[in-house]
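Asks: Dropping a structure here in structure tokens format, bear with me for questions.
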């Protein structure tokens, strides 16, 4: 069972089991929770976003718990120059503050191997050193420049070692300090977006290890909830959610399960959220997904808005919000991923991958009035760590559902973080000012990778061709309009 990390002082030196009292029958406090809401953002590592969270306190939280953060001494070799590059703090209020690392780092399976092992092929046994981030980013910048990818002016390979601080990310950091941060939460697979997002929905990527596969037939948590007549919804930001077209059982679900961010806000305000809500950011390059090298400040605003939509609603005391990221996106992290992952099924993995190791750490926050401020939440040393299927396990534990695969069956849930005997009424985000970027987004106006993925899925919908056809799509606005037209026509044809 998951516990909070060991305390350093006081009369509560070891992790405590949760006191339930009047809040329900669940042994770890989940009985208080009737709504789980997940916001999954894009492609950032733990160190890159939260590594310096408690650096001012020698990596010990206010609750006295050790925090696996940065000391400032971590480094990576720069083979091209024969030097060592130390981690650095991103300075606030500069033009490039919210666009670092300045380009899209390598994020697929081979790139992740290069970052972790210094080779496209992992050694046997796979002992990661996490020493290949600078060299891999250098190689990535070369081919991205050749292919005219969007790169922030002045970007260098050493920028991959630039890390945000609580000053540059006040919203994310205030929630991490004010509630719970998981400093040992790992991507489900050492690769890019779609396989990792498949794990959060279905506990498997069906053997797929890159974004070439855009849709999955595996049963999802949504189908499981529907079988038990439990309410759920998936919300896009300014469009129907991409997830809807990614899985067979969501594509066949009724329109009432889907909407946009304003629909989520209205449902939260009215106390009409189902037991599980999944939130997507906007996928355009000018959007709020925080994908490198888009404007991270826009994602800070999104996190703020999600939090207050829930906090100001009537069901706040019954809600657990989980903010996480699908994968590390090639951003530096100093902790080697564990190698005790349970393969989800018998499906052979692409690239010969056996699904026995996790991806790099990603930022994950647990937010609820039942959580003590300053909590660092992780499993005991040597236990199965948190990954994206811990979200599924938590839902399954709360509502007595069966596991989808062997991976979520083995995953720990997060119910043990709900340790307070009474709900808090304070607001850790009160007075926090959402940052605004002063720079220019180098990718603005260009279609994003996930817009291209969405357009491929939309093109496969069984409706007549819309205008303009795909060959004329050039900008993010073109893609947004094409996707909207196709999905709208498909929904009208379905008539439900």
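Asks: Cβ contacts < 7 Å: first residue free of Cβ contacts under 8 Å to residues at least 24 places away in the same chain, restricted to the range 348-371; second residue surrounded by 24 or more Cβ atoms within 10 Å (Cβ to Cβ) and in a loop (DSSP other than H, G, I, E, B), any location; separation 6+ or different chain. Result?
Replies: Sorted first by the residue in the range 348-371, then by its partner, the pairs are 356/341.
Asks: I'd like to verify a number: residues in the range 391-422 that are out of contact with any helix residue (DSSP H, G or I) (no Cβ under 8 Å at 6 or more places or on another chain), more than 21 Å from residue 347 (Cα to Cα) and in contact (Cβ under 8 Å) with a residue 24 or more places away in the chain, how many?
Replies: Residues flagged as out of contact with any helix residue (DSSP H, G or I) (no Cβ under 8 Å at 6 or more places or on another chain), more than 21 Å from residue 347 (Cα to Cα) and in contact (Cβ under 8 Å) with a residue 24 or more places away in the chain within the range 391-422 amount to 4.
Asks: Among the numbered criteria (1) surrounded by fewer than 22 Cβ atoms within 10 Å (Cβ to Cβ); (2) free of Cβ contacts under 8 Å to residues at least 60 places away in the same chain; (3) in a helix (DSSP H, G or I), which single criterion is violated by residue 425?
Replies: Here residue 425 clears every test but (3).
Asks: Hand me the list of helices (runs of 4 or more DSSP H) wholly inside the range 129-227 holding 2 or more residues that are closer than 20 Å to residue 104 by Cα and within 20 Å of the chain's Cα centre (by Cα).
Replies: On the way: elements: 133-146, 170-178, 193-202, 221-227.
Filter on the range 129-227 gives 193-202.
Asks: Right, something else. Would you call residue 461 surrounded by 22 or more Cβ atoms within 10 Å (Cβ to Cβ) and either in a loop (DSSP other than H, G, I, E, B) or within 20 Å of the chain's Cα centre (by Cα) (or both)?
Replies: No.
Asks: Please state which one of 104, 120 is crowded, with 22+ Cβ neighbours inside 10 Å and part of a loop (DSSP other than H, G, I, E, B).
Replies: 104 is the lone residue from the list that is crowded, with 22+ Cβ neighbours inside 10 Å and part of a loop (DSSP other than H, G, I, E, B).
Asks: Let me ask something additional. Could you tell me whether the range 361-374 includes any residue that is under 15 Å from residue 181 (Cα atoms), in a helix (DSSP H, G or I) and under 19 Å from the mean Cα position of the chain (by Cα)?
Replies: No, the range 361-374 contains no residue that is under 15 Å from residue 181 (Cα atoms), in a helix (DSSP H, G or I) and under 19 Å from the mean Cα position of the chain (by Cα).
Asks: Cβ-Cβ distance below 6 Å, separation of 6 or more or different chains: which pairs start in the range 75-89 with a residue that is on the phi > 0 side of the Ramachandran plot and assigned to a strand (DSSP E or B) and end on one that is surrounded by 12 or more Cβ atoms within 10 Å (Cβ to Cβ) and modelled with pLDDT under 95?
Replies: Once the first residue is on the phi > 0 side of the Ramachandran plot and assigned to a strand (DSSP E or B) and sits in the range 75-89, no partner that is surrounded by 12 or more Cβ atoms within 10 Å (Cβ to Cβ) and modelled with pLDDT under 95 comes close enough.
Yes/no matrix, rows are residues, columns are (1) at pLDDT 95 or above; (2) in contact with a helix residue (DSSP H, G or I) (Cβ under 8 Å, 6 or more places away or on another chain); (3) within 21 Å of residue 46 (Cα to Cα):
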| site | (1), (2), (3) |
| --- | --- |
| 297 | yes, no, yes |
| 303 | yes, yes, yes |
| 313 | yes, yes, no |
| 316 | yes, yes, no |
| 319 | yes, yes, no |
| 322 | yes, yes, yes |
| 328 | yes, yes, yes |
| 334 | yes, yes, yes |
| 338 | yes, no, yes |
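Asks: What are the residues in the range 281-311 that are in contact (Cβ under 8 Å) with a residue 60 or more places away in the chain and more than 25 Å from residue 152 (Cβ to Cβ), if any?
Replies: 306, 307, 308, 310, 311
Asks: With the condition kept exactly as written, say whether any residue in the range 279-295 is in a helix (DSSP H, G or I), modelled with pLDDT of 95 or more and either closer than 18 Å to residue 98 by Cβ or out of contact with any strand residue (DSSP E or B) (no Cβ under 9 Å at 6 or more places or on another chain) (or both).
Replies: Scanning the range 279-295 turns up no residue that is in a helix (DSSP H, G or I), modelled with pLDDT of 95 or more and either closer than 18 Å to residue 98 by Cβ or out of contact with any strand residue (DSSP E or B) (no Cβ under 9 Å at 6 or more places or on another chain) (or both).
Asks: If a residue has to be touching a strand residue (DSSP E or B) at 6+ places or on another chain (Cβ under 8 Å) and surrounded by fewer than 24 Cβ atoms within 10 Å (Cβ to Cβ) to count, how many in the range 133-145 make the cut? Quick ask: steps written out before the conclusion?
Replies: Taking the range 133-145 as the starting set, the residues that turn out to be touching a strand residue (DSSP E or B) at 6+ places or on another chain (Cβ under 8 Å) are 133-135, 138.
Those left that are additionally surrounded by fewer than 24 Cβ atoms within 10 Å (Cβ to Cβ): 135, 138.
Of the residues in that region, 2 qualify.
Asks: Yes or no: the range 10-23 includes at least one residue that is in contact with a strand residue (DSSP E or B) (Cβ under 7 Å, 6 or more places away or on another chain), modelled with pLDDT under 95 and in a loop (DSSP other than H, G, I, E, B).
Replies: We begin by selecting, within the range 10-23, every residue in contact with a strand residue (DSSP E or B) (Cβ under 7 Å, 6 or more places away or on another chain); these are 15.
The next check asks that each one be modelled with pLDDT under 95; those that pass are 15.
From the residues that got through so far, the ones that are in a loop (DSSP other than H, G, I, E, B) too are 15.
Yes; the residues of the range 10-23 include at least one that is in contact with a strand residue (DSSP E or B) (Cβ under 7 Å, 6 or more places away or on another chain), modelled with pLDDT under 95 and in a loop (DSSP other than H, G, I, E, B).
Asks: Return a yes/no flag: does the range 67-74 have any residue that is under 25 Å from residue 145 (Cα atoms), buried (at least 17 other Cβ atoms within 10 Å of the Cβ) and in contact (Cβ under 8 Å) with a residue 12 or more places away in the chain.
Replies: No, because not a single residue in the range 67-74 is under 25 Å from residue 145 (Cα atoms), buried (at least 17 other Cβ atoms within 10 Å of the Cβ) and in contact (Cβ under 8 Å) with a residue 12 or more places away in the chain.
Asks: State which residue is nearest to the chain's Cα centre (by Cα) when the search covers only the range 464-481 and only residues that are in a helix (DSSP H, G or I), without any contact (Cβ under 8 Å) to a residue 24 or more places away in the chain and surrounded by 12 or more Cβ atoms within 10 Å (Cβ to Cβ).
Replies: Per the criteria, the residue is 481.
Asks: Kindly provide the set of residues from the range 386-405 that are in a helix (DSSP H, G or I) and closer than 17 Å to residue 338 by Cα, ordered by number.
Replies: 389, 390
Asks: From the list 426, 477, exactly one residue is out of contact with any helix residue (DSSP H, G or I) (no Cβ under 7 Å at 6 or more places or on another chain), over 23 Å from residue 306 (Cα atoms) and at pLDDT 95 or above. Which is it?
Replies: 477
Asks: May I ask you to verify whether residue 291 is surrounded by 17 or more Cβ atoms within 10 Å (Cβ to Cβ) and more than 19 Å from the chain's Cα centre (by Cα)? Spell out how you get there, then give the answer.
Replies: Details: surrounded by 17 or more Cβ atoms within 10 Å (Cβ to Cβ): yes; more than 19 Å from the chain's Cα centre (by Cα): no.
Against the criterion (surrounded by 17 or more Cβ atoms within 10 Å (Cβ to Cβ) and more than 19 Å from the chain's Cα centre (by Cα)), residue 291 does not qualify.
Asks: Another question, then. List the pairs whose first member sits in the range 126-146 and is on the phi > 0 side of the Ramachandran plot and in contact (Cβ under 8 Å) with a residue 12 or more places away in the chain, whose second member is surrounded by 19 or more Cβ atoms within 10 Å (Cβ to Cβ) and part of a helix (DSSP H, G or I), and whose Cβ atoms are under 6 Å apart, counting only residues at least 6 apart or on separate chains?
Replies: What qualifies is 130/116.
Asks: List, please: which pairs have Cβ atoms under 9 Å, are six or more places apart or on different chains, and start with a residue in the range 257-268 that is in contact (Cβ under 8 Å) with a residue 60 or more places away in the chain and on the phi > 0 side of the Ramachandran plot and end with one that is part of a helix (DSSP H, G or I) and surrounded by fewer than 18 Cβ atoms within 10 Å (Cβ to Cβ)?
Replies: Partner pairs satisfying both residue conditions: none exist.
The values are calculated or read from the model by the stated rules, or taken from the named source; none is laboratory data. Predicted model, so just to flag it, every value in this text is computed and none were measured. Cβ: placed from backbone, ideal geometry, glycine included. Neighbour counts: every protein chain shown.
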